[in-house]
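Derivation of every value follows stated rules applied to the coordinates shown; laboratory data play no part. Predicted, not measured: the structure shown is a model, and the values here were computed from it. Backbone-built Cβ (ideal geometry, glycine too); neighbour counts: all protein chains shown.
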Amino acid sequence: MRSAKKSPFFDENHPLWNGWSKWLPLTKEGIKDAPRDAGAYLLRVRQGQRGRVRALSRLLRRDPNAILDIGQSGGLRVRLLRFLACAADDDVRGHMAGWRYRYLKLHERLPGRLEFCFVTGVDPVKMEARLMTEYLDDFGELPPLNYQFNWS
């Protein structure tokens, strides 16, 4: 269980966030701002008429950032486009989180605007593993679209 140290998921000034992009819309247009480089990323949803981030219930406590997925890729732009394709079409494969988003009908259950942020210049596998570990420690489970733990 989490020690007394401040979690990055509750501290936007935590050193873990150094170098991360701002939140961008997860649309074909928004993804143009993502590099083709390797990196780690987060996906979340903004809900409501005012586009606020609404905390999601998790096992141990609510996630104030509404994180849906923690991921990594050798090519961020292609990976994010793959998520969109899988989320939009049952017949498209290649991104499990996108498939789960569509299968669980989260576009209906969590209506709002999907967003992403990313970091490059890091080992993406290690960053994903660190974020998953922090998330699991804080909330008692992985984000809803992550289906396996990165043990790296």
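Here are the numbers for this structure:
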| item | result |
| --- | --- |
| Test item: Cα-centred dipole of region 21-139, Lys/Arg +1 and Asp/Glu -1 on Cβ, debye | 400 debye |
| Top of R44, R62, R77 by mean-square fluctuation, Gaussian network on the chain, Cα under 10 Å | R62 |
| Euclidean distance of C-alpha centroids, region 92-135 and region 1-75, integer Å | 9 Å |
| Cα-based convex hull volume of region 21-139 per residue, rounded to whole Å³ | 102 Å³ |
| Over the chain, relative contact order from alpha-carbon pairs under 8 Å, at least 6 apart, % | 33 percent |
| Expected 222 nm ellipticity per residue - DSSP helices of 4 or more, -39500 (n - 2.57), all of the chain, to 500 | -8500 deg cm²/dmol |
| Kirkwood-type radius of region 28-70, with distances r between different C-alpha atoms, in Å | 12.3 Å |
| Inter-probe distance in nm under a simple model that places probes 7 Å from Cα toward Cβ, at K32 and H107 | 2.1 nm |
| Ordering of 109-120, 28-39, 50-61 by packing [mean C-beta count within 10 Å, highest first] | 109-120, 28-39, 50-61 |
| Estimated inter-spin distance, L60 and L16, nm [label 7 Å along Cα→Cβ] | 1.1 nm |
